[in-house]
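Worksheet: one structure, shown below.
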Amino acid sequence: MSHTKVIQRLQDGSILFNRNWTEYKTGFGFLSQEFWIGNEKLSFLTNQNTYELRIDVTSIDGLSFFVTYNKFRISDEYSEYKLTSVGEYSGSEVCEERDNVLQCYCNEGYVGDGVNCTFDTPPSDCKDIYDRVSTDSGVYTIKPTTWQGDPFEVYCNMSDGGGWTVFQRRIDGSQDFFLYWSDYKLGFGTPDHELWLGNDKLHSLTSQGNNQLRIDFVNKLGNPYYATYSSFSISDESDNYRLSVGGYSGNSGDRLIYYNNGQAFTT
(Lines give C-alpha, C1' and ligand atoms only; values in the text may rest on other atoms or scores of the structure.)
Protein backbone atom coordinates (compact mmCIF):
# COMPACT_ATOMS: atom_id res chain seq x y z
CA MET A 1 0.00 0.00 0.00
CA SER A 2 1.20 3.52 -0.64
CA HIS A 3 1.46 6.01 2.21
CA THR A 4 0.21 9.52 1.44
CA LYS A 5 0.86 12.48 3.72
CA VAL A 6 -1.71 15.26 3.34
CA ILE A 7 -0.01 18.66 3.62
CA GLN A 8 -2.95 20.96 2.80
CA ARG A 9 -6.71 20.78 2.61
CA LEU A 10 -9.25 23.46 1.60
CA GLN A 11 -12.89 22.47 1.47
CA ASP A 12 -15.42 24.85 3.00
CA GLY A 13 -13.66 28.12 3.89
CA SER A 14 -13.82 27.46 7.64
CA ILE A 15 -10.10 28.25 8.07
CA LEU A 16 -8.53 31.59 7.09
CA PHE A 17 -5.55 31.12 4.74
CA ASN A 18 -4.65 34.82 4.47
CA ARG A 19 -1.91 34.61 7.13
CA ASN A 20 1.62 35.79 7.87
CA TRP A 21 5.00 34.11 7.36
CA THR A 22 5.23 32.75 10.90
CA GLU A 23 1.89 30.98 10.68
CA TYR A 24 2.77 29.36 7.37
CA LYS A 25 6.09 28.32 8.90
CA THR A 26 4.54 26.53 11.89
CA GLY A 27 1.24 25.48 10.30
CA PHE A 28 -2.40 26.10 11.19
CA GLY A 29 -5.88 24.59 11.06
CA PHE A 30 -7.11 21.10 11.98
CA LEU A 31 -5.87 17.90 10.37
CA SER A 32 -9.37 16.47 10.06
CA GLN A 33 -10.64 19.67 8.40
CA GLU A 34 -8.90 22.56 6.63
CA PHE A 35 -5.20 23.07 7.36
CA TRP A 36 -1.66 23.84 6.25
CA ILE A 37 0.88 21.45 7.77
CA GLY A 38 3.63 24.07 8.02
CA ASN A 39 6.64 24.93 5.86
CA GLU A 40 9.15 23.82 8.49
CA LYS A 41 7.60 20.36 8.73
CA LEU A 42 7.23 20.19 4.95
CA SER A 43 10.91 21.00 4.48
CA PHE A 44 11.97 18.24 6.85
CA LEU A 45 9.54 15.76 5.27
CA THR A 46 10.61 16.29 1.68
CA ASN A 47 14.35 16.26 2.37
CA GLN A 48 14.52 12.83 3.99
CA ASN A 49 13.64 10.85 0.86
CA THR A 50 12.28 11.12 -2.69
CA TYR A 51 8.59 12.04 -2.73
CA GLU A 52 5.79 12.45 -5.23
CA LEU A 53 3.33 15.34 -5.12
CA ARG A 54 -0.35 14.78 -5.87
CA ILE A 55 -2.95 17.57 -6.08
CA ASP A 56 -6.67 16.72 -6.07
CA VAL A 57 -9.20 19.45 -6.90
CA THR A 58 -12.97 19.60 -7.32
CA SER A 59 -14.60 22.32 -9.42
CA ILE A 60 -17.66 24.29 -8.34
CA ASP A 61 -19.63 21.95 -10.62
CA GLY A 62 -18.47 18.94 -8.62
CA LEU A 63 -16.03 17.68 -11.27
CA SER A 64 -12.90 16.00 -9.88
CA PHE A 65 -9.39 16.32 -11.34
CA PHE A 66 -5.88 15.49 -10.18
CA VAL A 67 -2.24 15.97 -11.13
CA THR A 68 0.86 14.16 -9.90
CA TYR A 69 4.55 15.07 -10.03
CA ASN A 70 7.13 12.33 -9.60
CA LYS A 71 9.51 14.54 -7.56
CA PHE A 72 8.78 17.11 -4.85
CA ARG A 73 11.08 18.97 -2.46
CA ILE A 74 11.00 22.20 -0.40
CA SER A 75 14.11 24.03 0.84
CA ASP A 76 14.59 25.38 4.40
CA GLU A 77 13.68 28.79 5.83
CA TYR A 78 17.11 30.22 5.00
CA SER A 79 16.22 29.70 1.32
CA GLU A 80 12.64 30.91 1.93
CA TYR A 81 11.12 27.44 1.55
CA LYS A 82 11.78 27.48 -2.16
CA LEU A 83 10.24 24.76 -4.33
CA THR A 84 13.56 23.22 -5.35
CA SER A 85 12.40 20.06 -7.08
CA VAL A 86 9.23 19.19 -8.93
CA GLY A 87 9.29 16.34 -11.41
CA GLU A 88 7.34 15.20 -14.43
CA TYR A 89 3.60 15.84 -14.57
CA SER A 90 0.93 13.20 -14.99
CA GLY A 91 -2.82 13.34 -14.58
CA SER A 92 -6.20 12.84 -16.16
CA GLU A 93 -5.91 15.82 -18.49
CA VAL A 94 -3.71 18.63 -19.74
CA CYS A 95 -4.93 22.17 -20.39
CA GLU A 96 -2.99 24.02 -23.07
CA GLU A 97 -3.32 26.20 -26.14
CA ARG A 98 -3.55 24.40 -29.46
CA ASP A 99 -4.27 26.20 -32.73
CA ASN A 100 -4.83 29.42 -30.74
CA VAL A 101 -7.54 27.73 -28.66
CA LEU A 102 -7.06 27.16 -24.91
CA GLN A 103 -8.73 23.89 -23.99
CA CYS A 104 -8.32 20.86 -21.74
CA TYR A 105 -7.50 17.55 -23.41
CA CYS A 106 -7.68 14.05 -21.95
CA ASN A 107 -4.36 12.29 -21.48
CA GLU A 108 -3.57 8.80 -22.73
CA GLY A 109 -5.63 6.20 -20.91
CA TYR A 110 -8.57 8.58 -20.45
CA VAL A 111 -11.61 9.48 -22.51
CA GLY A 112 -13.77 12.58 -22.20
CA ASP A 113 -16.94 14.33 -23.22
CA GLY A 114 -15.44 17.82 -23.35
CA VAL A 115 -16.02 18.31 -19.63
CA ASN A 116 -14.83 15.21 -17.76
CA CYS A 117 -11.83 12.94 -18.32
CA THR A 118 -12.37 9.40 -17.07
CA PHE A 119 -10.55 6.10 -17.50
CA ASP A 120 -11.08 4.43 -20.86
CA THR A 121 -11.35 1.24 -18.77
CA PRO A 122 -12.77 1.25 -15.21
CA PRO A 123 -10.35 0.96 -12.28
CA SER A 124 -9.74 -2.65 -11.26
CA ASP A 125 -10.13 -2.12 -7.51
CA CYS A 126 -9.94 0.54 -4.79
CA LYS A 127 -6.13 0.48 -4.80
CA ASP A 128 -6.24 1.43 -8.48
CA ILE A 129 -8.63 4.27 -7.60
CA TYR A 130 -6.40 5.44 -4.76
CA ASP A 131 -3.32 5.52 -6.98
CA ARG A 132 -4.90 7.22 -9.99
CA VAL A 133 -8.24 8.82 -9.18
CA SER A 134 -9.02 9.84 -5.61
CA THR A 135 -7.83 9.49 -2.02
CA ASP A 136 -11.31 10.14 -0.59
CA SER A 137 -13.33 7.29 0.92
CA GLY A 138 -16.66 6.64 -0.79
CA VAL A 139 -18.57 4.59 -3.35
CA TYR A 140 -16.80 4.02 -6.68
CA THR A 141 -17.31 1.85 -9.77
CA ILE A 142 -14.71 -0.82 -10.52
CA LYS A 143 -14.17 -3.75 -12.85
CA PRO A 144 -11.53 -6.33 -11.82
CA THR A 145 -9.32 -7.50 -14.66
CA THR A 146 -10.74 -11.04 -14.56
CA TRP A 147 -14.39 -9.99 -14.13
CA GLN A 148 -16.57 -10.91 -17.11
CA GLY A 149 -19.69 -9.00 -16.05
CA ASP A 150 -20.55 -5.31 -15.94
CA PRO A 151 -18.62 -2.87 -13.71
CA PHE A 152 -20.02 -2.72 -10.19
CA GLU A 153 -20.05 -0.36 -7.22
CA VAL A 154 -17.94 -0.85 -4.11
CA TYR A 155 -17.12 1.22 -1.05
CA CYS A 156 -13.45 2.24 -0.94
CA ASN A 157 -11.88 2.94 2.45
CA MET A 158 -8.91 5.23 1.90
CA SER A 159 -7.61 5.23 5.50
CA ASP A 160 -4.57 3.31 6.81
CA GLY A 161 -2.62 3.61 3.58
CA GLY A 162 -5.66 3.72 1.31
CA GLY A 163 -7.11 1.47 -1.35
CA TRP A 164 -9.17 -0.95 0.77
CA THR A 165 -12.10 -2.53 -1.10
CA VAL A 166 -14.85 -3.17 1.45
CA PHE A 167 -16.55 -6.53 0.80
CA GLN A 168 -18.43 -6.92 4.10
CA ARG A 169 -19.89 -4.48 6.60
CA ARG A 170 -22.22 -5.07 9.54
CA ILE A 171 -23.38 -2.08 11.57
CA ASP A 172 -26.91 -2.08 12.90
CA GLY A 173 -28.60 -5.33 11.83
CA SER A 174 -30.66 -3.67 9.09
CA GLN A 175 -29.52 -6.26 6.54
CA ASP A 176 -30.44 -9.94 6.89
CA PHE A 177 -27.32 -12.14 6.64
CA PHE A 178 -29.15 -15.47 7.11
CA LEU A 179 -29.37 -16.03 3.36
CA TYR A 180 -28.73 -18.73 0.77
CA TRP A 181 -25.67 -19.82 -1.20
CA SER A 182 -26.96 -18.00 -4.30
CA ASP A 183 -27.29 -14.76 -2.30
CA TYR A 184 -23.71 -14.98 -1.06
CA LYS A 185 -22.58 -15.86 -4.59
CA LEU A 186 -24.09 -12.70 -6.10
CA GLY A 187 -23.91 -10.37 -3.10
CA PHE A 188 -26.49 -8.32 -1.20
CA GLY A 189 -26.91 -5.06 0.71
CA THR A 190 -25.68 -1.61 -0.30
CA PRO A 191 -22.03 -0.49 -0.72
CA ASP A 192 -22.28 2.42 1.74
CA HIS A 193 -24.04 0.45 4.50
CA GLU A 194 -24.42 -3.21 5.45
CA LEU A 195 -23.38 -5.59 2.68
CA TRP A 196 -21.76 -8.73 1.37
CA LEU A 197 -20.11 -7.92 -1.95
CA GLY A 198 -20.52 -11.40 -3.42
CA ASN A 199 -18.26 -14.45 -3.63
CA ASP A 200 -17.89 -14.30 -7.42
CA LYS A 201 -16.75 -10.68 -7.23
CA LEU A 202 -14.49 -11.44 -4.27
CA HIS A 203 -12.83 -14.27 -6.16
CA SER A 204 -12.26 -12.00 -9.14
CA LEU A 205 -10.85 -9.23 -6.95
CA THR A 206 -8.42 -11.51 -5.15
CA SER A 207 -7.27 -13.18 -8.39
CA GLN A 208 -5.64 -10.00 -9.73
CA GLY A 209 -2.43 -10.19 -7.70
CA ASN A 210 -1.21 -10.00 -4.13
CA ASN A 211 -3.86 -8.80 -1.69
CA GLN A 212 -4.06 -7.84 1.97
CA LEU A 213 -7.06 -8.45 4.22
CA ARG A 214 -7.99 -6.11 7.05
CA ILE A 215 -10.76 -6.83 9.58
CA ASP A 216 -11.98 -4.03 11.87
CA PHE A 217 -14.50 -4.59 14.63
CA VAL A 218 -15.72 -3.06 17.89
CA ASN A 219 -16.69 -5.04 21.00
CA LYS A 220 -19.74 -4.43 23.19
CA LEU A 221 -17.81 -1.86 25.23
CA GLY A 222 -16.95 0.14 22.12
CA ASN A 223 -13.27 -0.86 22.10
CA PRO A 224 -11.83 -1.11 18.55
CA TYR A 225 -9.74 -4.05 17.34
CA TYR A 226 -8.21 -4.99 14.02
CA ALA A 227 -6.45 -7.85 12.26
CA THR A 228 -4.38 -7.56 9.08
CA TYR A 229 -3.23 -10.43 6.86
CA SER A 230 -0.49 -9.94 4.29
CA SER A 231 -1.94 -12.50 1.86
CA PHE A 232 -5.57 -13.17 1.01
CA SER A 233 -7.46 -14.90 -1.79
CA ILE A 234 -10.70 -16.77 -2.46
CA SER A 235 -10.99 -19.61 -4.98
CA ASP A 236 -13.87 -19.90 -7.46
CA GLU A 237 -17.23 -21.63 -7.05
CA SER A 238 -15.96 -24.95 -8.43
CA ASP A 239 -13.71 -25.10 -5.34
CA ASN A 240 -16.46 -23.73 -3.05
CA TYR A 241 -14.81 -20.31 -2.65
CA ARG A 242 -11.98 -21.73 -0.52
CA LEU A 243 -10.10 -19.26 1.73
CA SER A 244 -6.34 -18.75 1.58
CA VAL A 245 -4.96 -16.32 4.16
CA GLY A 246 -1.64 -15.75 5.95
CA GLY A 247 0.69 -13.27 7.64
CA TYR A 248 -1.28 -12.00 10.64
CA SER A 249 -0.64 -8.72 12.48
CA GLY A 250 -2.93 -6.64 14.70
CA ASN A 251 -4.30 -6.34 18.22
CA SER A 252 -7.25 -8.74 18.07
CA GLY A 253 -5.46 -12.07 18.18
CA ASP A 254 -5.42 -14.45 15.23
CA ARG A 255 -8.27 -16.92 14.82
CA LEU A 256 -8.75 -16.83 11.06
CA ILE A 257 -5.60 -18.71 10.03
CA TYR A 258 -5.89 -21.38 12.72
CA TYR A 259 -9.57 -22.17 12.23
CA ASN A 260 -10.44 -21.09 8.68
CA ASN A 261 -7.41 -21.10 6.38
CA GLY A 262 -7.98 -23.60 3.59
CA GLN A 263 -11.64 -24.02 4.46
CA ALA A 264 -14.44 -23.89 1.89
CA PHE A 265 -17.19 -21.29 2.17
CA THR A 266 -20.43 -22.28 3.92
CA THR A 267 -23.64 -20.38 4.67
Checklist line | Considering residues of region 1-42 that are within 22 Å of residue 68 (Cα to Cα) and aromatic (Phe, Trp, Tyr) only, the residue surrounded by the fewest Cβ atoms within 10 Å (Cβ to Cβ) | finding: 35
Note to self: Which count do you get for residues in region 251-267 that are assigned to a loop (DSSP other than H, G, I, E, B) and of a type outside the set (Asp, Glu)?
What the structure shows: 11
Checklist line | Members of region 134-155 that are in a strand (DSSP E or B), of a type outside the set (S, T, N, Q) and within 12 Å of residue 124 (Cα to Cα) | finding: 140, 142, 152, 153, 154
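Residue-wise test of (1) of a type outside the set (Ser, Thr, Tyr); (2) modelled with pLDDT under 90; (3) within 19 Å of residue 210 (Cα to Cα); (4) not assigned by TED's automatic domain parsing to the domain that holds residue 200.
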{"position": "226", "(1), (2), (3), (4)": "no, no, no, no"}
{"position": "230", "(1), (2), (3), (4)": "no, no, yes, no"}
{"position": "233", "(1), (2), (3), (4)": "no, no, yes, no"}
{"position": "238", "(1), (2), (3), (4)": "no, no, no, no"}
{"position": "241", "(1), (2), (3), (4)": "no, no, yes, no"}
{"position": "245", "(1), (2), (3), (4)": "yes, no, yes, no"}
{"position": "248", "(1), (2), (3), (4)": "no, no, yes, no"}
{"position": "256", "(1), (2), (3), (4)": "yes, yes, yes, no"}
Check: If you scan region 210-250, which residues turn out to be assigned to a loop (DSSP other than H, G, I, E, B), exposed (fewer than 13 other Cβ atoms within 10 Å of the Cβ) and of a type outside the set (A, V, I, L, M)?
Finding: 210, 219, 220, 222, 223
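Quick grid of which residues meet (1) at pLDDT 90 or above; (2) within 22 Å of residue 245 (Cα to Cα):
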| residue | (1), (2) |
| --- | --- |
| 131 | no, no |
| 161 | no, yes |
| 182 | yes, no |
| 200 | yes, yes |
Check: Do you know which of the residues in region 157-171 that are under 19 Å from residue 188 (Cα atoms) and aliphatic (A, V, I, L, M) is surrounded by the fewest Cβ atoms within 10 Å (Cβ to Cβ)?
Finding: 171
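The values are calculated or read from the model by the stated rules, or taken from the named source; none is laboratory data. Everything numeric in this text was worked out from a predicted model, so none of it was measured. A quick note on method: Cβ atoms are made from the backbone with ideal geometry, for glycine too, and the neighbour counts reach across all protein chains shown.
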